[in-house]
Amino acid sequence: MPTSHTSLAAEAVAPAAASVPEFASAPPGAADRRRADLVLFMFIAFVVSWGAWGAAAVIGGPAANGEPAYAPFLLGAFGPLIGALVIRVRRGRRGEPVPARAVRFRASKALLWTPPLLMLGSATVLAAALLGHAAGDPALSWSNAQDVMRDMGGPAAFLVSMLVSGPLSEEPGWRGTAYPRMRATTGRLRIGVTLGVTWAVWHLPLFFIDGTVQNDLGLATPSGLLFAVSNIPMAMLVTCAYERAGVVASIAVHFAVNTTMVLLSVTSPVTQALLIGVQSIVVALLLRAGRDSATRVAL
C-alpha cells in the first residue's frame, strides 16, 4: 500500500462508554457538515490520487526514482493527506469544533501504545509468513530483504520511503479525517469494512503502473484479489491503533505492516490468505479488548 501531523490528530474523543450517543447532542447542522466534509475529502483523495496515477500510467515506465513516472506516482500517494489538509483548513476558517470522535494526540499515550502496536503489526505479517512456509511457501530469507533495501538506496532510504509513501501520506486522511466523522453515527466494524473497500478501490490504478507492488501481483490474479480483500482487516487493524493513540499509532502500524511485507516479499496467495486470517483474529481480539475496557469504565 503506498502509502502528518499533530494538528490533524489533535482532536478530542469523548469517553467510549458514554451513555448517550455523541451525535445526539451535536449542534444543529453537525450531521450535514460531517457528510459534506466526508464527500469533499473523498473527492479530493480520489481525484488527486487517480489523476496523478493515471498520468504515471500514461507516461509509462517503472515508478522508480529518476524515472519520468516517479513524480506523479509519488504525488498520487498524497491524495488522502491533501484531502485531510483541505478539510482541516476549511474547518478552522469556519470556526467549527473538531469532530467528537477524533483522537487527540497525547505524548504519554503515544509512548505507551505506539511501540507495542508497531510490533504487533509487524508480527501479524511474520506469523503469516512462517505459517505460509509451513504450508509450502519459500523460507524467509534475510538476503532477499537486504537486496530490497539495497535496490532502494540502503536501509535509511528504504525506511524513509516506506514511511512517507503510505503511512504519512494516507493515515491523516483515512483515519484522522474520515474515520471520526463516520464514527459519529456508525459502528467500528461497519466503518472498517467501508473504509477497507474504499481503500481497495483507491489502490486500483496502481495495478497499471509498472514497478508497483500491485502491478507485480497482477489485477486479475488470486494475489491481486487477495490484496483487495486484505485492505479490510488492514483498515480495521490501523483503526484499532488510531482509537488507542491517534494518527501516530495508525501511522506506526501501517508502516510496520507495509515494511515487513516488502522485506519478507509477501506475494504468495497462501501467505496473503493467512495474513488476512491472522489480522482478522488480531482485530477481533483488539475490538473485544476495547469493549471490555469500555465496560470497566462504565462500571
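Can you go through Ala71, Ala139 and tell me which one is of a type in the set (A, V, I, L, M, F, W, C) and outside any helix (DSSP H, G or I)? Steps first, answer last, please.
Values: Ala71 fails: outside any helix (DSSP H, G or I).
Matching residue, one of Ala71, Ala139: Ala139.
For the list (1) open to solvent by 10 Å² or more (accessible area, probe 1.4 Å); (2) touching a helix residue (DSSP H, G or I) at 6+ places or on another chain (Cβ under 7 Å); (3) part of a helix (DSSP H, G or I), I need the number of the one condition that Ser265 fails.
(3)
Just to be sure, is Val270 at pLDDT 95 or above, open to solvent by 50 Å² or more (accessible area, probe 1.4 Å) and over 21 Å from Leu111 (Cα atoms)?
yes
Tally time: how many residues in region 193-215 are over 19 Å from Pro72 (Cα atoms) and either open to solvent by 10 Å² or more (accessible area, probe 1.4 Å) or not in a helix (DSSP H, G or I) (or both)?
So the answer is 5.
One line per residue, one yes/no per condition, for (1) open to solvent by 50 Å² or more (accessible area, probe 1.4 Å); (2) in contact with a Ser or Thr (Cβ under 7 Å, 6 or more places away or on another chain); (3) part of a loop (DSSP other than H, G, I, E, B):
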{"residue": "Gly61", "(1), (2), (3)": "no, no, yes"}
{"residue": "Leu85", "(1), (2), (3)": "yes, no, no"}
{"residue": "Pro99", "(1), (2), (3)": "no, no, yes"}
{"residue": "Arg104", "(1), (2), (3)": "yes, no, yes"}
{"residue": "Lys109", "(1), (2), (3)": "yes, no, no"}
{"residue": "Trp113", "(1), (2), (3)": "yes, no, no"}
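Are any residues in region 165-190 of a type in the set (Val, Ile, Thr) and modelled with pLDDT of 95 or more, and if so, which ones?
Restricting attention to region 165-190, the residues satisfying the condition of being of a type in the set (Val, Ile, Thr) are 177, 185-186.
Passing the criteria: only Thr177.
Out of region 29-44, which residues are open to solvent by 70 Å² or more (accessible area, probe 1.4 Å) and more than 13 Å from Arg94 (Cβ to Cβ)? Before you say what the answer is, go through the steps one by one.
Initial filter on region 29-44 (open to solvent by 70 Å² or more (accessible area, probe 1.4 Å)): 32-33, 35, 39, 43.
If the condition is that a residue be open to solvent by 70 Å² or more (accessible area, probe 1.4 Å) and more than 13 Å from Arg94 (Cβ to Cβ), then Arg35, Val39, Phe43 are the ones that fit.
Across region 117-145, which residue is nearest to Thr259 (Cα to Cα) among those that are surrounded by fewer than 17 Cβ atoms within 10 Å (Cβ to Cβ) and small (Gly, Ala, Ser)?
Ala123
Using beta carbons and a limit of 6 Å, which pairs, at least six apart or on different chains, have the first residue in region 73-97 and at negative phi and the second one of a type in the set (Ser, Thr, Tyr) and crowded, with 19+ Cβ neighbours inside 10 Å?
If the second residue must be of a type in the set (Ser, Thr, Tyr) and crowded, with 19+ Cβ neighbours inside 10 Å, the pairs left are Gly76/Ser49; Ala77/Ser165; Ala77/Ser169; Phe78/Ser169; Gly79/Ser49; Leu81/Ser169; Ala84/Thr177; Ile87/Thr177.
In region 174-192, what count of residues is obtained for those that are assigned to a helix (DSSP H, G or I) and surrounded by 15 or more Cβ atoms within 10 Å (Cβ to Cβ)? Break it down stepwise before answering.
Of region 174-192, the ones assigned to a helix (DSSP H, G or I) are 174-183, 188-192.
Now restrict to residues that are surrounded by 15 or more Cβ atoms within 10 Å (Cβ to Cβ): 174-183, 188, 191-192.
So the count comes out to 13.
The values are calculated or read from the model by the stated rules, or taken from the named source; none is laboratory data. Everything numeric in this text was worked out from a predicted model, so none of it was measured. Cβ: placed from backbone, ideal geometry, glycine included. Neighbour counts: every protein chain shown. Areas reflect the complete protein model, heavy atoms only, side chains present, ligands, DNA and RNA absent. Shrake-Rupley method; radii C 1.70, N 1.55, O 1.52, S 1.80 Å.
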